[in-house]
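Take a look at the structure below.
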Amino acid sequence: MDSFEFRDGALHCEGVPAEFIARAAGTPTYVYSRATLLGHLGRLTRAFAPLDPLVCFSVKSCPNLAVLRTIVAAGAGLDVVSGGELQRALAAGCPGERIVFAGVGKTDAELELAMRSAIGLLNVESESEFAALVSVARRCGKQPRVALRINPDVDPQTHRYTSTGKKETKFGVDIERARAFFRDRAGETAVRLCGLHLHIGSPVFRMEPFVDAVTKALALIDELEAVGHRIEWLDLGGGFGADYFSGQSPAAADYAAAIVPILGERVARGLRIVLEPGRSIAANAGILLTRIIHMKSGGERAFAICDAGMHTLLRPSHYDAFHFAWPVTPADGLVPPHRAAEMALPGLSSVDIVGPICESGDFLALNRSLPSLKRGDLLAIFTTGAYGMSMASRYNSFGLPAEVLVDGERALLIRRREEFGDLIRGETPTGEALELPSAQAAGSR
Ligand code: LLP
């Protein structure tokens, strides 16, 4: 469900023709729809309203400050996984108590920043991290609220790179270890160990993994409370799906229908719930606009070589992810009636959409049936609002793309395209002498 529609033969984002945005901002450019962002956030918030959750948008999915401000202004909080993301959350005006901080490798400096920012919930992922947290808390004189990330050992049935809830992952601790964790550490007064956190993977298109994970978490809460611990917070993480093709993902209401009934009674007794949705809010709220630099054939294959590639959108080459692609002003009025992996319209021909990077794995879409294409045509790559810009790189010394936020008839530049100067900032061609520790100081470490 989104605000990217073909009208009069041309793709529009809300009230603005996509072609106008490309002419004004250049390409490649990520374009976000404010109405779509807020529509998804609103539907999720309403669906889960019976649990009165703290909804914390996952910054990693789409970290642009203007996007974060839009979401924070609508009342949501933010989920961060690094000091950089935490600073973004604060810069976007998010109150500390609406920020939750997860992540498997937080440094002492990041933990200290989190405590000084008085964030709502610090999610701890290991015994070693807990020990570091305690000493940082003592040093700063803060007593943060802490949730232990548990790993409920359910299979989210998603790509192995984004599957995080099985026992053998680097994330969280298994249920057995969680019991020992509370037994040995809940008495620690420097922090308030009072919550559980989980995130089983992303995207999860079925209900069972969520139901299993929540059921296991509640059983653990029962056990912990039976031996005298108090669990006030349960953070369910993110992982809800998005429509990479039409109708692929359950709606927020479907996820809520499966999850809310299991938690209702607990919430009535005072348990606070956190949700950390990223993709389900942002993915369908963004497209990537890219221009075809050259058309070319190789053997039987036709290639549209674009100014965006794996450096702009990593998901196709990294996860074999499907993103629907279509020309913004399709030849012969061949407007797509829906978005599907296989499009069956008369007059289409097969093409690979690839980038300019010097790697054969640099592609955006392979073997797609599309209207006829030519040099200079503008393509839209759909469902790229989440994990698009946030995973873009400067590989091959291309600057990062521009970002535009559309609000009705208005288009705002929310990040300018990077130039050569941005690429080399911080480099010192002749080198700078590093002050190395003396042999004695180094030896005493
Ligand atoms: N909370 C935690 C602790 C997470 O690790 C994640 C995502 C989220 C929330 C948000 O999940 P979402 O609602 O967006 O599914 N780069 C991959 C996705 C990696 C997700 C990592 N963690 C992709 O492009 O598919």
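Structure summary
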item: From the options Leu400, Leu405, residue that is of a type in the set (A, V, I, L, M), under 21 Å from His311 (Cβ atoms) and crowded, with 16+ Cβ neighbours inside 10 Å; result: Leu400
item: Strands (runs of 3 or more DSSP E) (entirely within the stretch 92-161) containing at least 2 residues that are of a type in the set (D, E, K, R) and assigned by TED's automatic domain parsing to the domain that holds Leu196; result: 145-151
item: In the stretch 138-155, the residues that are at pLDDT 95 or above, more than 14 Å from the ligand (Cβ to nearest atom), in contact with a strand residue (DSSP E or B) (Cβ under 9 Å, 6 or more places away or on another chain) and of a type outside the set (Lys, Arg); result: Gln143, Pro144, Val146
item: Qualifying positions in the stretch 216-249 - in contact with a strand residue (DSSP E or B) (Cβ under 8 Å, 6 or more places away or on another chain) and within 16 Å of the ligand (Cβ to nearest atom); result: Ala217, Trp233, Leu234, Asp235, Leu236, Gly237, Gly238, Gly239, Phe240, Gly241, Ser249
item: Test: residue in the stretch 82-91 that is surrounded by fewer than 17 Cβ atoms within 10 Å (Cβ to Cβ), over 23 Å from the mean Cα position of the chain (by Cα) and not polar (S, T, N, Q); result: no
item: Selection within the stretch 380-423 - within 16 Å of the ligand (Cβ to nearest atom) and in contact with a Phe, Trp or Tyr (Cβ under 8 Å, 6 or more places away or on another chain); result: Ile381, Phe382, Thr383, Thr384, Gly385, Gly388, Met389
item: Residue count, the stretch 194-215 (criterion: under 15 Å from Phe181 (Cα atoms) and either more than 10 Å from the ligand (Cβ to nearest atom) or free of Cβ contacts under 8 Å to residues at least 12 places away in the same chain (or both)); result: 3
item: Hits in the stretch 263-296 (condition: more than 16 Å from the ligand (Cβ to nearest atom) and either among the hydrophobic types (A, V, I, L, M, F, W, C) or at pLDDT below 95 (or both)); result: Leu263, Val267, Ala268, Leu271, Leu289, Ile292, Ile293, Met295
item: First in the stretch 170-192 and closer than 16 Å to Ala226 by Cα, second anywhere and loosely packed, with under 15 Cβ neighbours inside 10 Å and among the hydrophobic types (A, V, I, L, M, F, W, C), Cβ under 9 Å, 6 or more apart; result: Ile175/Ala219; Arg179/Val227; Phe182/Val227; Arg183/Val227
item: Selected residue (only one of Ile99, Ile21, Ile71 is within 14 Å of the ligand (Cβ to nearest atom), β-branched (Val, Ile, Thr), closer than 25 Å to Phe382 by Cα and buried (at least 21 other Cβ atoms within 10 Å of the Cβ)); result: Ile71
item: Count - residues of the stretch 156-175 that are within 12 Å of the ligand (Cβ to nearest atom) and in contact with a strand residue (DSSP E or B) (Cβ under 9 Å, 6 or more places away or on another chain); result: 10
item: Test result for Leu68, more than 17 Å from Met389 (Cα to Cα), part of a helix (DSSP H, G or I), in contact (Cβ under 8 Å) with a residue 24 or more places away in the chain and touching a helix residue (DSSP H, G or I) at 6+ places or on another chain (Cβ under 7 Å); result: no
item: Whichever residue in the stretch 330-342 is surrounded by fewer than 18 Cβ atoms within 10 Å (Cβ to Cβ) and on the phi < 0 side of the Ramachandran plot and, among such residues, is nearest to the ligand (Cβ to nearest atom); result: Ala341
item: All positions within the stretch 287-336 that are assigned to a strand (DSSP E or B), touching a helix residue (DSSP H, G or I) at 6+ places or on another chain (Cβ under 8 Å) and within 29 Å of Phe240 (Cα to Cα); result: Ile287, Leu289
item: Of all residues in the stretch 408-422 being hydrophobic (A, V, I, L, M, F, W, C) and under 22 Å from Asp2 (Cα atoms), the one that is surrounded by the most Cβ atoms within 10 Å (Cβ to Cβ); result: Ala411
item: Qualifying residue in the stretch 176-194 (condition: more than 26 Å from Gly141 (Cβ to Cβ) and either in a strand (DSSP E or B) or touching a Cys at 6+ places or on another chain (Cβ under 6 Å) (or both)); result: no
item: Test: residue in the stretch 345-355 that is out of contact with any Leu (no Cβ under 9 Å at 6 or more places or on another chain) and either away from the ligand (no atom under 15 Å from the Cβ) or part of a loop (DSSP other than H, G, I, E, B) (or both); result: no
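The values are calculated or read from the model by the stated rules, or taken from the named source; none is laboratory data. What you see is a predicted model, and the numbers here were worked out from it, not measured in a lab. Because the Cβ atoms are built from the backbone with ideal geometry, glycine has one as well, and the counts that use them run over all protein chains shown.
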